[in-house]
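The structure under discussion appears below in the form of structure tokens.
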Amino acid sequence: MAFAGFGLAATVGISGCGAGSDSAEGGSGSGSGESAGTPKEKVAAAFQNFENSSSAGFTLKLDSSTADIEKINTAQDSADKLTAQDKKEIAEVLKGKVTLNVTAPEGKTFADTTDSSAANSKDLLKDPAAFEAALKDSGSVAMSVVYGDSGLVDFATKDGVFYLRTDADKIAELADQNLSSATGMLGQLPPVIATPAEKLLGGEWVSLDMVKAVQVLDQQGLLDQLASADEGTAAGMAADPAAAQNLVRSLAASYDSDSQVTEVDGGYQVSVPVEKTTAAVKDDLVDLLGQDAATDLVKELNSSPTENVVFTVKVDDDKLTGLNLDLVQFLDKPVDDATFAVDLAIDPEASEVQVPSGATAIDIEGILNLIPADTLTSLGSEL
């Protein structure tokens, strides 16, 4: 629930780029005609500057300590206390982070990319040429899941090609597993599968050209079935950029009319009323997630013991540099002198994404050729 609240809070902040003015003390007036430079306007300007940029870096992590976790745990009722295993797992998560670099397509800003995405149809799978154009016009991304000083999983994508690398040995160690059984099976597999799997388990880059993959699926007659299977599902609706854009617009309106923004050390504190915000976006959540999932999410958010979601927007020289949401506020018994926060640091001057060279390509056509034609036909009919 707290992570859902963070997502909602972050999106409210991002949507604030269209917000109106407020009082210097952080009042909720919209379009009041007061002079620029109020806290809400400064937050809006920071998000607008972000949207006008074309490259950014993000670092997502939990901001806490084992001492703070113990303080929080001690204050809770016995039924809500963490077990020793819970505390151990949280301590391990505190050692990790996720880094993400994003670059908009050449000559475009993040705002341009959002606008073009909203204009695209959600049934691109029915049109391989349009799907290829969308992939190549989606910019580039590089992501790493880091534990301590180790990159457990590295992922990148550019021009429709996906790249993946893993530290399989470290992952197996953390999971208390042994890779010997997995590596021992590779010799029994066809080279078209065994070679990229061996590279991946050995910590090397592998790649998958999604443009070629879609072309192969189209040649095999599977693309139409995949597109049909996607329609009407929660995943299909979540992939609808127009629905996501409507959610952002609803959040922007709610932010403008209902949020309270005050200046704090290092940035601005934003307070958003939970029930008003969830009511404003409920219909959009249904379009995105489906009726059941949206209802569950709204119910979860509204059951929070706090009436307002409070988060910090960090700004430096009119540039957005981070978002921080302290999850302690969602507890039945908050602890004032302890922190357990989701922290998103933003580098507004990150360099453009660079993808790896020399990756071992996954031969999707070769893999599909291993499957008998009648099996592929049967699979397509089941989809």
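The values are calculated or read from the model by the stated rules, or taken from the named source; none is laboratory data. All of these numbers come straight from a predicted model, not from anything done at the bench. We place every Cβ from the backbone using ideal geometry, glycine too, and count neighbours over all the protein chains shown. Keep in mind that these areas ignore ligands, DNA and RNA; they rest on the heavy atoms of the full protein, side chains included. Shrake-Rupley method; radii C 1.70, N 1.55, O 1.52, S 1.80 Å.
Which distance in nm do the two modelled labels at THR66 and LYS282 give, with both placed 7 Å along the Cα-to-Cβ direction?
For the pair THR66/LYS282, the computed spacing is 4.5 nm.
Protein chains only, probe 1.4 Å: how do GLU70, GLU41 rank by accessible area, largest first?
On the way: GLU70 80, GLU41 40 Å².
Most to least solvent-accessible, the answer reads GLU70, GLU41.
Straight distance only, please: which aspartates and glutamates reach the Cα of LYS170 with their own Cα at less than 17 Å, same-chain residues fewer than 8 apart left out?
GLU89, GLU92, ASP149, ASP154, GLU198, GLU204
GLU352 versus GLU307, label points 7 Å from Cα toward the beta carbon: distance in nm?
5.1
Based on the mean of other beta carbon atoms within 10 Å per residue, what is the order of 184-196, 44-56, 149-161, most packed first?
Going by the mean number of other Cβ atoms within 10 Å, highest first, we get 44-56, 149-161, 184-196.
Within the range 298-373, what whole-number % of the accessible surface is contributed by carbon and sulfur, with the 1.4 Å probe and all protein chains included in the calculation?
Details: 1860 of 4100 Å².
Carbon plus sulfur share of accessible area: 45 percent.
What's the long-distance tail for the range 133-216, i.e. % of Cα pairs beyond 22 Å?
37
Based on Cβ point charges of +1 for Lys and Arg and -1 for Asp and Glu, what charge dipole magnitude is obtained for the range 254-383 about its Cα centre, in debye rounded to the nearest 20?
240
Could you sort ASP326, ASP292 by their accessible area in this structure, using a 1.4 Å probe and putting the largest first?
Details: ASP326 45, ASP292 120 Å².
Result of the area sort, largest leading: ASP292, ASP326.
Using alpha-carbon pairs under 8 Å, 6+ residues apart, how would you state the relative contact order of the range 249-383 in percent? Mind showing how you got there, number by number?
Numbers: 143 pairs, mean separation 22.5, N = 135.
With pairs under 8 Å counted, the relative contact order is 17 percent.
If you average the sequence gap of Cα pairs under 8 Å that are 6 or more apart and divide by the length of the range 131-212, what percent do you get for the contact order? Provide the component values of the computation, followed by the final result.
Numbers: 114 pairs, mean separation 24.0, N = 82.
Averaging sequence separation for qualifying contacts and normalising by length gives 29 percent for the range 131-212.
Can you return the lysines within cross-link range of LYS319? Criterion is Cα-Cα under 25 Å, with same-chain partners fewer than 8 residues away left out.
LYS319 reaches LYS40, LYS42, LYS61, LYS97, LYS108.
Karplus couplings for the range 70-80 from phi (6.51 cos²θ - 1.76 cosθ + 1.60, θ = phi - 60°), rounded to Hz, Gly and Pro as x?
Here the 3J(HN,Hα) series is 5, 4, 4, 5, 4, 6, 7, 5, 4, 5, 9 Hz.
How much area per residue is accessible in the range 267-354 when the probe is 1.4 Å and only protein heavy atoms are counted (Å²)?
50
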